[in-house]
Amino acid sequence: MDGIDRLLDRLSHSKFRSSFRLKSKELDYLNQRGMDLIMDHASGFIESRIVSANPPNDGKQTPYRNHPVFVAQHATATCCRGCIEKWHKFDKGFELETEEKEHILNVIRRWLEQQIASE
């Protein structure tokens, strides 16, 4: 079990985090557009809403639905800097490093892949 699998296992024990699942509309969107495009969207969302040391509206910047990445961000605690600090141990107040951003994207991808597999 690698680090991402261990993290996802820990998240699955959180009542809040484990409540997130892709609905049919979001699964259809993911399947129609493909993982590569969805991950391009994820990269843009992370870059524009999360990477900054002090993102605007931190804690309220990620919607709860209408895009597979938004749902994945809440399920994986990558929705805001507070959740990222708590679950991923990346300190608030500092811009995310390239490796940290890649970690976040890998966690989101793995969660999305699990959702497709459980379809």
List every residue pair whose Cβ atoms sit under 9 Å apart, with the two residues 6 or more apart in sequence or on different chains, where the first one lies in region 107-119 and is part of a helix (DSSP H, G or I) and the second, anywhere, is acidic (D, E). R110/D5; Q115/E26
What is the one condition in (1) crowded, with 18+ Cβ neighbours inside 10 Å; (2) free of Cβ contacts under 8 Å to residues at least 40 places away in the same chain that G82 does not satisfy? (1)
Only one of (1) within 12 Å of the chain's Cα centre (by Cα); (2) outside any helix (DSSP H, G or I) fails for F70. Which number is that? (2)
Just to check your reading of the model, which residue among G82, G59, G93 is in a loop (DSSP other than H, G, I, E, B) and in contact with a Gly (Cβ under 8 Å, 6 or more places away or on another chain)? G59
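Per-residue answers, yes or no, for (1) within 25 Å of D2 (Cβ to Cβ); (2) touching a residue at least 60 places away in the same chain (Cβ under 8 Å); (3) surrounded by fewer than 19 Cβ atoms within 10 Å (Cβ to Cβ); (4) not hydroxyl-bearing (S, T, Y):
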site: N31; (1), (2), (3), (4): no, yes, yes, yes
site: G34; (1), (2), (3), (4): yes, no, yes, yes
site: M39; (1), (2), (3), (4): yes, yes, yes, yes
site: A72; (1), (2), (3), (4): yes, no, no, yes
site: K86; (1), (2), (3), (4): yes, no, yes, yes
site: I104; (1), (2), (3), (4): yes, no, no, yes
Per-region count, region 1-39, residues part of a loop (DSSP other than H, G, I, E, B) and touching a Leu at 6+ places or on another chain (Cβ under 8 Å): 1
List the residue pairs whose Cβ atoms are under 7 Å apart, where the first residue sits in region 1-25 and is under 9 Å from A75 (Cβ atoms), the second is of a type outside the set (D, E) and assigned to a loop (DSSP other than H, G, I, E, B), and the two are 6 or more positions apart or on different chains. L11/T76; L11/A77; R17/A77
Of everything in region 4-20, what is exposed (fewer than 12 other Cβ atoms within 10 Å of the Cβ) and among the aromatic types (F, W, Y)? Give them in sequence order. F16
Name the residue that is surrounded by the fewest Cβ atoms within 10 Å (Cβ to Cβ), counting only residues in region 57-70 that are polar (S, T, N, Q) and at negative phi. Q61
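Check whether at least one residue in region 96-103 is out of contact with any strand residue (DSSP E or B) (no Cβ under 7 Å at 6 or more places or on another chain) and either at pLDDT below 95 or in a loop (DSSP other than H, G, I, E, B) (or both), and report yes or no.
Yes - at least one qualifying residue is present in region 96-103.
Sort through A53, A77, A42 and tell me the only one that's modelled with pLDDT of 95 or more and outside any helix (DSSP H, G or I).
A77
The values are calculated or read from the model by the stated rules, or taken from the named source; none is laboratory data. Bear in mind the structure is a predicted one, so any value in this text is a computation, not a measurement. A quick note on method: Cβ atoms are made from the backbone with ideal geometry, for glycine too, and the neighbour counts reach across all protein chains shown.
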